[in-house]
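Input: a single structure, listed below in structure tokens.
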Amino acid sequence: MIERIDSLRAEAEQAIAAAESAAALEELRVKYLGRKAELPNLLRGVAQLAPEARGTVGRAANQARQALEGMIEARAGELEAGELDTRLAADRVDVTLPGEPPQPIGRLHVLTAT
């Protein structure tokens, strides 16, 4: 079981490092750490193991889960910073242009208005 945990961790680490967007990263989070993912199911199945194997398998699964959560958070920060940079570069504002909508200059004289 520890071999399966290690292989899941290695597979998830490669996929997280290769994620190109925040949406893809969220899909990976659900795939590897979601409710129906294999790693949390392995953690739930630790209770059925022999007492001498519970500690090592549970520890390995928890370490893998924590490592993956940390990697996902770090990668999410990197992706958000990159996406923010691209949005800021695309949303440049020319402050020399008139405002929207253009404001009318002047107004009617009081006597003309009445």
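Let's see how each residue does on (1) free of Cβ contacts under 8 Å to residues at least 24 places away in the same chain; (2) among the small types (G, A, S):
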residue: E3; (1), (2): yes, no
residue: I16; (1), (2): no, no
residue: A24; (1), (2): yes, yes
residue: G99; (1), (2): yes, yes
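Conditions tested, residue by residue: (1) more than 27 Å from E80 (Cα to Cα); (2) at pLDDT 90 or above; (3) hydrophobic (A, V, I, L, M, F, W, C).
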{"site": "E26", "(1), (2), (3)": "no, yes, no"}
{"site": "L39", "(1), (2), (3)": "no, no, yes"}
{"site": "L42", "(1), (2), (3)": "yes, no, yes"}
{"site": "A47", "(1), (2), (3)": "yes, no, yes"}
{"site": "E52", "(1), (2), (3)": "yes, no, no"}
{"site": "T56", "(1), (2), (3)": "yes, no, no"}
For this session: Inspect region 100-109 for any residue being hydrophobic (A, V, I, L, M, F, W, C) and farther than 26 Å from I2 by Cα and give the result as yes or no.
Result: yes
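Kindly indicate whether E52 is farther than 22 Å from E3 by Cα, of a type in the set (D, E) and out of contact with any Lys or Arg (no Cβ under 9 Å at 6 or more places or on another chain).
Numbers: farther than 22 Å from E3 by Cα: no; of a type in the set (D, E): yes; out of contact with any Lys or Arg (no Cβ under 9 Å at 6 or more places or on another chain): yes.
For E52, the condition - farther than 22 Å from E3 by Cα, of a type in the set (D, E) and out of contact with any Lys or Arg (no Cβ under 9 Å at 6 or more places or on another chain) - is not met.
The values are calculated or read from the model by the stated rules, or taken from the named source; none is laboratory data. On a predicted model such as this, the values are computed, not experimentally measured, just so you know. With ideal geometry, Cβ positions are generated from the backbone for all residues, glycine too; neighbour counts draw on all protein chains shown.
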